[in-house]
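The values are calculated or read from the model by the stated rules, or taken from the named source; none is laboratory data. This is a predicted model, so every value here is computed, not measured. Because the Cβ atoms are built from the backbone with ideal geometry, glycine has one as well, and the counts that use them run over all protein chains shown.
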Amino acid sequence: MNQTLTRAVRDLIEGNRVVTGDGHRYTRPAQRTYPHQWLWDSCFHARIQFLFGDRAAAHDELRALFRAQVDSGPDRGRLPHMTLFGGHPAEALQDDAGGSQYARDVALWGDARASSITQPPIIAETVREIGDLELWRELWLPMAAYYDWWLRRRDPRGDGLLVCHHVWETGADASPRADAAILRLANSGRTPRALDKGTINVTAKKRAELLAGRFLMLEDLQAIDQAELAGTIDEPTAARQRLSLYGHVAVDMQAYLVANLGALARIGEALGQPEAAGYAAQAERIAEAVNRELWDDELGYYVDRWGDPARPATALTHAPLLALAGADLVPRDRAERLLALLVDPERFWTRWPLPTASRQEPYFDPDEYWRGSTWINVNWFLVRGLCAAARRFDDERYLPPARAIAERSVALVEDVGFREYYRSGARQLSGDANCSEAGFGPERFGWSGLALDLARALDHELAGVKPLR
Ligand code: GLC
């Protein structure tokens with residue numbers, strides 16, 4: 001393995017490590033901007049620590065995610081997308097983040113401990129791949145409770161298409177997929193009570209009205225949650241209100257659920273748990289619904305839905321390509337259409353793929369937060385999905401783009417540093433050749449350490465493959 005990169009990644013992750021007041025340890029995504037524990041970030045951090053050989057830290061990172069799991073009420077089982085740092089007296093003293101950011105986030109979420117939404121449910125695959133029997137046994141019940149929560153609370157139509165209640169749940173915080181829902185709120189003329197004053201992501205502020213709309217969406221969601229908890233509205237009414245507020249059926253989220261319910265089933269089998277087969281069946285049910293309902297044969301990709309009644313979210317983002325990371329979700333003929341979409345220079349094959357929006361779309365901005373920029377965790381999922389497709393269909397055509405994405409991701413990290421996100425290329429294809437590399441968001445950002453796993457893949461499953469130009 002590349003020694004210099006390994007050392008740099010170890011240094012990055014260890015530098016962001018946190019010990020909580022109650023003795024847990026985890027890795028914060030970045031100093032100052034992101035002091036808390038984030039659900040999917042920690043799954044990536046755990047993989048990275050496992051890869052550079054710190055198994056104990058990797059397992060602790062995953063354990064710490066269950067500190068603030070909801071243990072009662074209608075949302076019992078939910079894992080929060082953020083577990084806040086700074087509430088314990090020992091934490092408040094540690095650094096700036098312990099004070100001002102903590103107070104601001106408690107006010108935003110109305111809770112001293114954690115946020116009220118979740119994030120991509122990728123923990124079961126992580127636990128399966130880097131855990132051992134002992135960790136599986138320890139985390140079986142809380143993990144099962146988390147996926148039970150998804151199945152119980154997020155399938156309001158009972159059709160196997162699970163919904164997000166806020167765009168932040170998808171992890172792609174500013175994705176144009178949410179624009180229609182967000183603009184409806186932003187254009188209402190209301191001013192949100194809170195705004196993310198802490199962000200140093202200047203590109204996230206380019207569209208101030210969208211930023212405000214995301215905070216309005218949170219306010220409205222919190223009002224529905226509170227009414228349900230207080231008993232002023234019943235569960236079906238609350239579910240309907242949440243659907244019409246956002247009700248986002250995101251194809252990448254379905255893909256994560258398919259892969260992770262499958263991983264949970266396999267852990268359960270190894271532990272002799274009778275519920276295991278039920279999780280495998282749920283994974284299949286979701287996969288069937290996605291292929292039956294979301295595939296658009298004319299367009300050649302999966303299309304998200306939102307709202308109630310559900311309508312297509314037509315923005316073309318990276319999300320349909322991530323369906324390839326959903327175990328055996330995508331059938332062969334559809335995988336080929338997705339591959340054609342990926343390598344189309346007018347749409348996704350930019351100088352540093354994968355852009356988080358298609359180059360042809362009006363909102364495409366190669367430098368902007370989740371609206372066309374490139375993210376290392378997205379690339380990691382895609383490379384994994386392409387390698388899996390090559391194996392599953394015994395078809396080598398998936399490997400040259402995978403090799404190119406892995407190489408360029410490693411190069412970006414080596415040249416520009418561990419940034420939160422990167423420039424994907426030029427606005428127009430004709431500008432790609434003169435375009436320079438650039439990174440954005442906080443420096444020393446944790447999940448960009450996944451470059452280490454991409455470098456590993458270059459020496460193993462992608463060794464000897466000629467990269468696509
Ligand atoms: C941003 C990202 C989100 C991530 C968080 C912490 O909000 O959009 O996906 O989990 O930062 O890194």
Does at least one position in the stretch 283-304 carry a residue that is in contact (Cβ under 8 Å) with a residue 60 or more places away in the chain and within 16 Å of the ligand (Cβ to nearest atom)?
no
Identity of the residue in the stretch 420-438, surrounded by fewer than 21 Cβ atoms within 10 Å (Cβ to Cβ) and closer than 28 Å to Thr27 by Cα, that ends up nearest to the ligand (Cβ to nearest atom)
Ala438
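Residues that are away from the ligand (no atom under 16 Å from the Cβ), without any contact (Cβ under 8 Å) to a residue 40 or more places away in the chain and either surrounded by fewer than 24 Cβ atoms within 10 Å (Cβ to Cβ) or under 25 Å from Ile182 (Cα atoms) (or both): does the stretch 327-335 have at least one? Steps first, please.
Taking the stretch 327-335 as the starting set, the residues that turn out to be away from the ligand (no atom under 16 Å from the Cβ) are 327-335.
With without any contact (Cβ under 8 Å) to a residue 40 or more places away in the chain added as a condition, the list becomes 333.
Next cut, either surrounded by fewer than 24 Cβ atoms within 10 Å (Cβ to Cβ) or under 25 Å from Ile182 (Cα atoms) (or both) only: 333.
Within the stretch 327-335 (the criterion being away from the ligand (no atom under 16 Å from the Cβ), without any contact (Cβ under 8 Å) to a residue 40 or more places away in the chain and either surrounded by fewer than 24 Cβ atoms within 10 Å (Cβ to Cβ) or under 25 Å from Ile182 (Cα atoms) (or both)), the answer is yes, since at least one residue qualifies.
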May I ask you to verify whether Trp380 is within 16 Å of the ligand (Cβ to nearest atom), buried (at least 21 other Cβ atoms within 10 Å of the Cβ) and in a helix (DSSP H, G or I)?
yes
Cβ-Cβ distance below 8 Å, separation of 6 or more or different chains: which pairs start in the stretch 106-121 with a residue that is touching a residue at least 40 places away in the same chain (Cβ under 8 Å) and in a loop (DSSP other than H, G, I, E, B) and end on one that is aliphatic (A, V, I, L, M) and away from the ligand (no atom under 16 Å from the Cβ)?
Ser116/Leu221; Ile117/Leu221; Pro121/Leu257
In the stretch 336-370, what count of residues is obtained for those that are within 16 Å of the ligand (Cβ to nearest atom), assigned to a loop (DSSP other than H, G, I, E, B) and not β-branched (Val, Ile, Thr)?
6
Scan the stretch 36-45 for residues that are more than 8 Å from the ligand (Cβ to nearest atom), part of a helix (DSSP H, G or I) and farther than 16 Å from Ala451 by Cβ and report the count.
2
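Quick one: in the stretch 98-120, which of the residues that are aliphatic (A, V, I, L, M) and either more than 15 Å from the ligand (Cβ to nearest atom) or touching a helix residue (DSSP H, G or I) at 6+ places or on another chain (Cβ under 9 Å) (or both) is modelled with the highest pLDDT?
In the first step, residues of the stretch 98-120 are kept if they are aliphatic (A, V, I, L, M); the result is 103, 106-108, 112, 114, 117.
Cutting the leftovers down to either more than 15 Å from the ligand (Cβ to nearest atom) or touching a helix residue (DSSP H, G or I) at 6+ places or on another chain (Cβ under 9 Å) (or both) gives us 103, 106-108, 112, 117.
Working: Ala103: 89, Val106: 93, Ala107: 92, Leu108: 94, Ala112: 95, Ile117: 98.
Per the criteria, the residue is Ile117.
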Given the options Asp60, Asp71, name the one that is charged (D, E, K, R), under 30 Å from Arg154 (Cβ atoms), touching a strand residue (DSSP E or B) at 6+ places or on another chain (Cβ under 7 Å) and away from the ligand (no atom under 15 Å from the Cβ).
Asp60
Residue check: is Ile123 under 27 Å from Gln282 (Cα atoms) and within 16 Å of the ligand (Cβ to nearest atom)?
yes
Please go through the stretch 137-172 and give me each residue that is among the small types (Gly, Ala, Ser) and either part of a helix (DSSP H, G or I) or in contact with a Cys (Cβ under 8 Å, 6 or more places away or on another chain) (or both), ordered by number.
Ala144, Ala145
Examine the stretch 46-54 for a residue that is under 13 Å from Gly446 (Cβ atoms), within 15 Å of the chain's Cα centre (by Cα) and either modelled with pLDDT under 95 or not polar (S, T, N, Q) (or both), and state whether such a residue exists.
yes
Tell me yes or no: at least one residue of the stretch 25-35 is in a strand (DSSP E or B) and away from the ligand (no atom under 15 Å from the Cβ).
yes
Any residue in the stretch 213-236 that is under 18 Å from Ala180 (Cβ atoms) and of a type in the set (Lys, Arg) sitting within a Cβ distance under 6 Å of a residue that is outside any helix (DSSP H, G or I) and at pLDDT 95 or above? List the pairs, counting only those 6 or more apart or interchain.
none
By residue number, the members of the stretch 397-431 that are touching a Leu at 6+ places or on another chain (Cβ under 6 Å) and part of a loop (DSSP other than H, G, I, E, B) are Phe418
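Yes or no: the stretch 444-452 includes at least one residue that is of a type outside the set (Phe, Trp, Tyr), assigned to a loop (DSSP other than H, G, I, E, B) and within 30 Å of Arg17 (Cα to Cα). Before you say what the answer is, go through the steps one by one.
To start, the set of residues in the stretch 444-452 that are of a type outside the set (Phe, Trp, Tyr) comprises 444, 446, 448-452.
Those still in the list that are assigned to a loop (DSSP other than H, G, I, E, B) too: 444.
Narrowing the set further to residues that are within 30 Å of Arg17 (Cα to Cα) leaves 444.
Within the stretch 444-452, one or more residues are of a type outside the set (Phe, Trp, Tyr), assigned to a loop (DSSP other than H, G, I, E, B) and within 30 Å of Arg17 (Cα to Cα).
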